[in-house]
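To start, the structure under review is shown below, and the notes come after it.
The values are calculated or read from the model by the stated rules, or taken from the named source; none is laboratory data. In this text the structure is predicted, and so the values were computed from the model without any measurement. With ideal geometry, Cβ positions are generated from the backbone for all residues, glycine too; neighbour counts draw on all protein chains shown.
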Ligand SMILES: Nc1ncnc2c1ncn2[C@@H]1O[C@H](COP(=O)(O)OP(=O)(O)OP(=O)(O)O)[C@@H](O)[C@H]1O
Ligand SMILES: [Mg+2]
């Protein structure tokens, strides 16, 4: 049995706004996704859910930490083989299709890339089997343009596409939020059926009631960090963290997009010991007054996507500050998640912040 292991994964983004610093989209997130398990990932807008999904799909590189499939870093798996194992379906099915192509083109692309030598008869049988698994009648969808398909049909086609590849892990990011209520239930039932066939699903949602319906385990993400995690009946039946309780009491409002309250970006501290006149450098390293520069520099190495100029600045800073080395830093404290304590077996809860 395969397992995807997310280990201490952090992601820092440089804020795009002028003068903005760093946003910690994920803070040392760790959990496993064993084959055949559905894990619901819940958190308000901006809590880092999609970032985690994209990291698992190798669309975004983690700043630190690792994701492994069967013990091997996912970046080291050959790309084709990896995507044959791990696939994603996203919120907006409409944007996943090119409007000028018939919907079955997505299948043809899969065939061309992954099964070029399969005979037409074999391929047709495979396609039919997969469409049947997602409860689509081939005559209803094949040969149609995207605008001729309902949102539910489109979403099912995307799931079918993933199934053609015999995937073992599916990242399902808000895949039902744009569908009407009855179609949602159909898709959820489909996920439950696929799970029984051994598919592991990371089910990302705003909607707690849907998460409750579908999953074995629930993870509550807040500001990029896990604050509560455990067997779904435990998390829902006996929530421990104030944030989870708040989410549960907010259930009637769940159809609304939540107000976004991101973690503040890191800005240079007043007495930062950063002598280099570079906005980038102060973005990257802003040690606080307690001295802490060596660790600041060490943590700055976490940052990927550094330009050459930044790398030079960083090297210089390391040279200057490597003799310091006390205390913590803005960057490291930004990444520090709340400590998780075991409330009862299979139920981890963060200490109040
Ligand atoms: N490419 C990027 N560049 C800069 N910041 C980003 C980028 N992608 C995400 N972020 C930031 O990271 C944080 C987490 O974003 P993410 O999309 O993972 O949230 P989410 O939980 O999926 O939210 P939603 O429920 O709205 O989809 C947000 O503050 C977001 O602005
Ligand atoms: Mg998202």
(request) Check whether at least one residue in region 61-80 is at pLDDT 85 or above, under 30 Å from residue 23 (Cα atoms), within 16 Å of ligand 2 (Cβ to nearest atom) and surrounded by 12 or more Cβ atoms within 10 Å (Cβ to Cβ), and report yes or no. (result) no
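Okay, residues lined up against (1) within 17 Å of the chain's Cα centre (by Cα); (2) modelled with pLDDT of 85 or more; (3) at positive phi:
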| residue | (1), (2), (3) |
| --- | --- |
| 166 | no, no, yes |
| 169 | yes, yes, no |
| 182 | no, no, no |
| 192 | no, yes, no |
| 204 | yes, yes, no |
(message) Here is a check on your reading of the model: is residue 177 closer than 18 Å to residue 91 by Cα, in a helix (DSSP H, G or I) and at pLDDT below 85?
(response) no
(request) At least 2 residues that are farther than 27 Å from residue 209 by Cβ, touching a helix residue (DSSP H, G or I) at 6+ places or on another chain (Cβ under 7 Å) and within 13 Å of ligand 1 (Cβ to nearest atom) in each: list the strands (runs of 3 or more DSSP E) lying fully within region 1-83 that qualify. (result) 3-14, 22-34
(request) Filter region 93-127 down to residues that are under 24 Å from residue 188 (Cβ atoms) and at pLDDT below 90 and give me whichever is surrounded by the fewest Cβ atoms within 10 Å (Cβ to Cβ). (result) 95
